[in-house]
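**Student:** I'd like to ask you about the structure that follows.
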Amino acid sequence: MPAASPKKKRQPRKVARRPSAAAKAKPSAGAPQAISLVVGIGASAGGLEAYRAFFTAMPTDTGMAFIVVQHLDPDYASALVEILHTTTTMAVSTAENGAAIAANHIFVIPPDAILRIEGGVLQLARPAAAVDRRTSVDTFLVSLAEDQREKAVGIILSGYGSDGARGVTAIKALGGLTLAQAEFDHSPKVGMPQSAASSGFVDHVLPAQEMPAALIKHLRFRGATTSAERATGANHDVAPHLTTICAILSSRLGRDFSQYKTSTIMRRVQRRMQVLQIDNVPAYIGQLRKRPTEPELLFREVLIGVTQFFRDAAAFAALESKFIRKLLAKGDPGTTIRVWVAGCATGEEAYSLAILFKEALADANRPRTVQIFATDINDRAIEFARAGLYSASAVAGLTPGRLERYFTKEGDHYRVARGLREMCLFSVHDLVKDPPFSKLDLIACRNLLIYFGAKLQKRVFTMFHYGLLPRGVLFLGPSEAVA
């Protein structure tokens, strides 16, 4: 028995340090610690010093789980696990397929792999195609947003390119926290951090060593407000103040959100309060009135949306086969086909429809003019859509053939071909107050009406009915229906 005693003392340290596959799901004896936040960290090979600075400053008992996604050469044997062992006493291991995430544990992506998370379990795919490796950070962060929602944190550290920008947008859209690495002057570091920050969806731009303190503040504030909500059911008492908040937005920005769903506005207000560490609504209203930038920031928060090329591919395929090709076969060649994409965001849906029409026109061998009116209330999104310049991660879902035919590579980005851009007319338009387009063959309004209250939905459907030709089609999202 005396000889066995030292062995028992050493074993827990060994498991905590380099856990076995079985231990990943249950890293310690007894009930595992609850996970407070799930932190996804993305960088390129140049992010090594940032990782060291971050984890050196990170306490080891916060209950957070960390997943590190780094761009790696598929033939490169990464030493990141060993390096992180020297900076923290948290458990560090290479991510494995089927491993359950755990509190106070760092999982590191291996070379030549794509990582996702589903149900708190890591999903690893190997080998990874070159195009997928370039967007590995976005791939993981988007899955993290969908899996963990408000418990997700997305951090973008040093690296070349734009990978990560789409991921932080997804995380912020679903209520999580987003950070990007700063230069010495607290401006975003060039490359991945700058690209993420330029999206407008990064909450804090900080040096890597200051990020742990921001995470802890976020965790404490989130825990305190969540406990208060459970105790009072008050949801920060936002509801009684919504009229005032909407009135401020209307007077400052000329935008009326009073007919949006109450739950939508409440979530976005709570999100801004959490970022600003404000725990009561009157204090936040004071900030709306005093800080010149806050109404604009709340406005952008309300408008956060996640889109992509051919989102819900089956729906686009059905639209092509059941409507577009029949329209081209029967229509008058001298009549312009008119399409309205209402709530076009950054343009991916409008360009997707343009691609479908281009392909159908080529197959039918019948020249027709197609005009796509693409509108959104968000002026920044419209400017982005007009430029038609997308990151590698944004076009990752396109087939190689479509990418080659309809896009031109510009550095690390892809520009929509001129022929497609000429089909699309982008403009700022507010469905609440602006008049509709008319004589339309097709209206696409997908995943927008779900944010509107019943009264505004009815008004919008009336507008669509007015705008559509008798045999026109209304293309809605999977969660939307005509009442």
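**Student:** If a residue has to be surrounded by 19 or more Cβ atoms within 10 Å (Cβ to Cβ) and not in a helix (DSSP H, G or I) to count, how many in the range 447-460 make the cut?
**Tutor:** The number of residues fulfilling the criteria is 3.
**Student:** Please enumerate the residues belonging to the range 259-284 that are open to solvent by less than 60 Å² (accessible area, probe 1.4 Å), of a type in the set (Val, Ile, Thr) and touching a residue at least 12 places away in the same chain (Cβ under 8 Å).
**Tutor:** Across the range 259-284, the qualifying residues are THR264, ILE265, VAL269, VAL275, VAL281.
**Student:** Residue check, ALA444 against (1) within 22 Å of PHE323 (Cα to Cα); (2) touching an Asp or Glu at 6+ places or on another chain (Cβ under 6 Å), all met but one. Which one?
**Tutor:** Status for ALA444: all satisfied but (2).
**Student:** Could you tell me how many of the residues in the range 288-312 are surrounded by 17 or more Cβ atoms within 10 Å (Cβ to Cβ) and more than 22 Å from ARG166 (Cβ to Cβ)?
**Tutor:** Adding up the residues that qualify gives 4.
**Student:** What number of residues within the range 44-69 satisfy the criterion of being closer than 23 Å to GLN194 by Cβ and open to solvent by 20 Å² or more (accessible area, probe 1.4 Å)?
**Tutor:** Count: 7.
**Student:** Looking at the range 359-383, which of the residues that are under 23 Å from GLU296 (Cα atoms), part of a helix (DSSP H, G or I) and of a type outside the set (Gly, Ala, Ser) is least open to solvent (accessible area, probe 1.4 Å)?
**Tutor:** Of everything passing the filter in the range 359-383, ILE382 is least open to solvent (accessible area, probe 1.4 Å).
**Student:** For the range 310-347, name all the residues that are β-branched (Val, Ile, Thr) and assigned to a helix (DSSP H, G or I).
**Tutor:** The answer is ILE324, and nothing else.
**Student:** Then there is this: Restricting to the range 387-421, what's the tally of residues that are among the hydrophobic types (A, V, I, L, M, F, W, C), part of a loop (DSSP other than H, G, I, E, B) and without any contact (Cβ under 8 Å) to a residue 40 or more places away in the chain?
**Tutor:** Final tally of qualifying residues: 1.
**Student:** Kindly establish whether LEU356 is open to solvent by less than 30 Å² (accessible area, probe 1.4 Å) and assigned to a helix (DSSP H, G or I).
**Tutor:** yes
**Student:** Right, something else. Look through the range 461-483, keep the residues that are in a helix (DSSP H, G or I) and more than 13 Å from VAL341 (Cα to Cα), and return whichever of them is least open to solvent (accessible area, probe 1.4 Å).
**Tutor:** Checking each candidate, the answer is MET463.
**Student:** Something else now. Which count do you get for residues in the range 70-80 that are surrounded by fewer than 16 Cβ atoms within 10 Å (Cβ to Cβ) and touching a residue at least 40 places away in the same chain (Cβ under 8 Å)?
**Tutor:** 1
**Student:** Looking only at strands (runs of 3 or more DSSP E) that fall completely inside the range 50-132, which ones have 2 or more residues that are more than 25 Å from ALA182 (Cα to Cα)?
**Tutor:** So the answer is 91-94, 114-118, 121-125.
**Student:** Would you confirm whether or not the range 223-238 contains a residue that is loosely packed, with under 13 Cβ neighbours inside 10 Å, outside any helix (DSSP H, G or I) and modelled with pLDDT of 80 or more?
**Tutor:** Looking through the range 223-238, none of the residues is loosely packed, with under 13 Cβ neighbours inside 10 Å, outside any helix (DSSP H, G or I) and modelled with pLDDT of 80 or more.
**Student:** Sticking with this structure for a sec: Consider GLY343 against the criteria (1) in contact with a Lys or Arg (Cβ under 9 Å, 6 or more places away or on another chain); (2) open to solvent by 30 Å² or more (accessible area, probe 1.4 Å); (3) on the phi > 0 side of the Ramachandran plot: it satisfies all of them except one. Which criterion is unmet?
**Tutor:** Only one criterion is unmet by GLY343, namely (2).
**Student:** Assess whether GLU118 counts as being touching a Gly at 6+ places or on another chain (Cβ under 6 Å) and surrounded by fewer than 19 Cβ atoms within 10 Å (Cβ to Cβ).
**Tutor:** No; evaluated as a whole, the condition is false for this residue.
**Student:** When you go through TYR390, TYR414 one by one, which is the residue that is of a type in the set (Phe, Trp, Tyr) and open to solvent by less than 20 Å² (accessible area, probe 1.4 Å)?
**Tutor:** The unique qualifying residue is TYR390.
**Student:** Something else about it: Open to solvent by less than 30 Å² (accessible area, probe 1.4 Å) and either polar (S, T, N, Q) or within 30 Å of ARG272 (Cα to Cα) (or both): does that describe ALA315?
**Tutor:** no
**Student:** Within the range 136-155, identify whether any single residue is touching a residue at least 12 places away in the same chain (Cβ under 8 Å), open to solvent by less than 40 Å² (accessible area, probe 1.4 Å) and assigned to a loop (DSSP other than H, G, I, E, B), and answer yes or no.
**Tutor:** no
**Student:** Right, another one. Please list, ordered by first then second residue, the pairs with beta carbon atoms under 8 Å, 6 or more apart or interchain, first in the range 89-113 and over 22 Å from GLY63 (Cβ atoms) and without any contact (Cβ under 8 Å) to a residue 40 or more places away in the chain, second in a loop (DSSP other than H, G, I, E, B) and acidic (Asp, Glu).
**Tutor:** Note: pairs meeting the criteria are PRO111/ASP73; PRO111/ASP75.
The values are calculated or read from the model by the stated rules, or taken from the named source; none is laboratory data. Nothing here was measured: the structure is a model prediction, and the numbers come from that model. Cβ: placed from backbone, ideal geometry, glycine included. Neighbour counts: every protein chain shown. Heavy atoms of the whole protein, side chains included, go into the accessibility calculation; ligands, DNA and RNA do not. Shrake-Rupley method; radii C 1.70, N 1.55, O 1.52, S 1.80 Å.
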